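Engineer: First the structure, which I've put down as structure tokens, then a few questions once you've had a look.
The values are calculated or read from the model by the stated rules, or taken from the named source; none is laboratory data. Here the structure is a predicted model, which means the values were calculated and not measured. Positions of Cβ are generated from backbone atoms using ideal geometry, with glycine treated the same way; all protein chains shown enter the neighbour counts. Quick note on the areas: whole protein, heavy atoms, side chains included, nothing else; ligands and nucleic acids left out. Shrake-Rupley method; radii C 1.70, N 1.55, O 1.52, S 1.80 Å.
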Amino acid sequence: MDDEPKDSTGDCGQESHCDFGAELGFLTKFQMSDMVTCLEKDFGLWLQPGFLPTNVNCSNDDEEEKKDTNDDASTLNVIGMKNMFLLWTALLDRDFISLGENSGDASAIGESASMALVALARVCLDPNFYFANDTTLTCGDLILDVLQRLTSSLVKSAVRQIADKFDEKNVEQWMQRTVAQIIEACSNLSAGEEGTADSDDVKGHLPLATVTSTLFSSDVNDSSADLALMYCYLTEKGLEVLLSDLSDDGEQMKALLDARYKELSTDANDDGGRTRELLKHAIRTLVTAEVAFQCIDEEKEIMLQYLPFFLASVQVAGKCASAGACIFWRTENDRGTD
């Protein structure tokens with residue numbers, strides 16, 4: 001390694017992030033699928049489809065019981081996982097982690113990156129993760145902040161690699177496939193145990209709200225257009241799945257969405273290239289949120305009978321509106337400076 005690191009990061013205090021400044025060029029053999037294996041094998045996090053583990057007690061009193069049951073999910077190595085997140089972020093920022101795929105099959109492009117993002121989405125739902133997040137603050141960052149920077153770096157690295165190997169069309173297709181996999185992995189989960197805050201969430205709506213709120217940072221739209229677009233897809237798909245439970249309004253919502261989008265998107269046709277496409281998608285995202293709020297208002301009497309459904313729908317619709325607004329003003333500013 002060089003005597004002087006290329007990236008100076010300063011002290012690990014409240015005003016700076018704890019990042020790596022060393023030259024990491026010798027680390028060139030990792031693949032994105034390795035992250036999934038590392039999270040599951042080394043940290044025992046809950047990454048597979050199915051119910052949450054029931055034993056989430058991390059107290060010292062149960063240490064012997066944990067050893068007897070070999071319940072890795074109850075003995076989360078917080079510091080180790082946090083260091084792993086920081087290392088993977090540094091490697092991804094330098095594209096030292098490859099997609100590990102050479103397939104010409106369009107449906108398989110970026111599949112390892114999708115697996116890693118789905119795994120991180122499941123991490124956001126693990127109760128042990130939040131026990132750790134509440135009690136662990138080192139280098140000025142909560143573990144959730146470190147995870148959000150990791151997901152940001154993962155998306156941007158995947159986009160760069162897919163665009164280099166294939167084209168922009170494949171990038172958008174990868175985003176849509178990945179979002180669909182994330183939403184599927186966080187859907188139809190069971191309610192919490194009796195006495196917990198989500199014990200009445202019998203249809204598993206709250207995890208969708210959780211993943212749209214935590215997987216990416218709230219300032220996602222200020223970092224890159226690709227990351228902002230990914231967040232738009234995530235919130236739109238989350239709303240689509242949530243409001244599909246209002247089966248009588250499924251077709252009505254789609255009709256309202258198409259009509260409103262057509263009405264508002266005419267002004268987006270006077271530009272060309274990437275900016276035009278982003279602006280059109282921003283409008284689509286905003287319209288999705290608008291129509292969702294309209295459906296929620298019209299069906300509030302039914303939805304209020306099941307509060308988790310109502311809460312999750314309002315929360316995801318709000319995130320969708322925020323994502324659309326941020327990317328809309330980004331593209332408008334870009335057009336104004338051209």
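Engineer: With the crude spin-label approximation of a point 7 Å out along Cα→Cβ, what separation in nm comes out for residue 108 versus residue 42?
Structural biologist: It works out to 2.7 nm between the two label points.
Engineer: Right, next: Rank-order 80-90, 233-243 by packing density, defined as the average count of other C-beta atoms within 10 Å over each peptide's residues, highest first. Write down the numbers at each step before the final one.
Structural biologist: Details: 80-90: 19.0, 233-243: 23.8.
The densest-packed peptide leads the list: 233-243, 80-90.
Engineer: Can I ask one more? So, in nm, how far is label residue 199 from label residue 160 when the simple model puts each one 7 Å beyond its Cα toward the Cβ?
Structural biologist: It is 4.9 nm.
Engineer: Mind checking the full-extension length gain between residue 184 and residue 305? Use 0.36 nm per residue of separation minus the Cα-Cα distance, one decimal, nm.
Structural biologist: Stretched out fully, the residue 184 to residue 305 stretch lengthens by 41.1 nm.
Engineer: By how many nm would the segment from residue 87 to residue 245 lengthen if fully extended, with 0.36 nm per residue of separation less the alpha-carbon distance?
Structural biologist: 52.8 nm is the gain from fully extending residue 87 to residue 245.
Engineer: What do you reckon, how do 177, 122 stack up by accessible area (1.4 Å probe), largest on top?
Structural biologist: Reading off the accessible areas and sorting them downward yields 177, 122.
Engineer: Moving on. Given a cut-off of 20 Å, name the pairs among 41/203; 41/156; 41/82; 169/319 whose C-alpha atoms lie farther apart than that in the structure shown. All intermediate terms of the calculation are to be shown ahead of the outcome.
Structural biologist: Numbers: 41/203 30 Å; 41/156 26 Å; 41/82 15 Å; 169/319 25 Å.
Exceeds cut-off: 41/203; 41/156; 169/319.
Engineer: Could you order 203, 41 so the one with the most accessible surface comes first? Probe is 1.4 Å. Don't skip to the answer; put the middle values down first.
Structural biologist: Values: 203 115, 41 145 Å².
In descending accessible area the options line up as 41, 203.
Engineer: Taking the highest mean first, how do the peptides 180-188, 166-174 order by number of other beta carbon atoms within 10 angstrom per residue?
Structural biologist: In decreasing order of mean packing, 180-188, 166-174 become 180-188, 166-174.
Engineer: Sticking with this one: For the range 141-181, what % of the accessible area comes from carbon and sulfur atoms, probe 1.4 Å? Write out the running numbers ahead of the final one.
Structural biologist: Numbers: 760 of 1520 Å².
Heavy-atom surface of the range 141-181 belonging to carbon and sulfur, 1.4 Å probe: 50 percent.
Engineer: Pull out a ≥ b ≥ c, the square roots of the eigenvalues of the alpha-carbon gyration tensor of the range 273-338, then state rounded if a/c is under 1.5, prolate if not and a/b is larger than b/c, and oblate in the remaining case.
Structural biologist: In terms of gyration-tensor shape, prolate.
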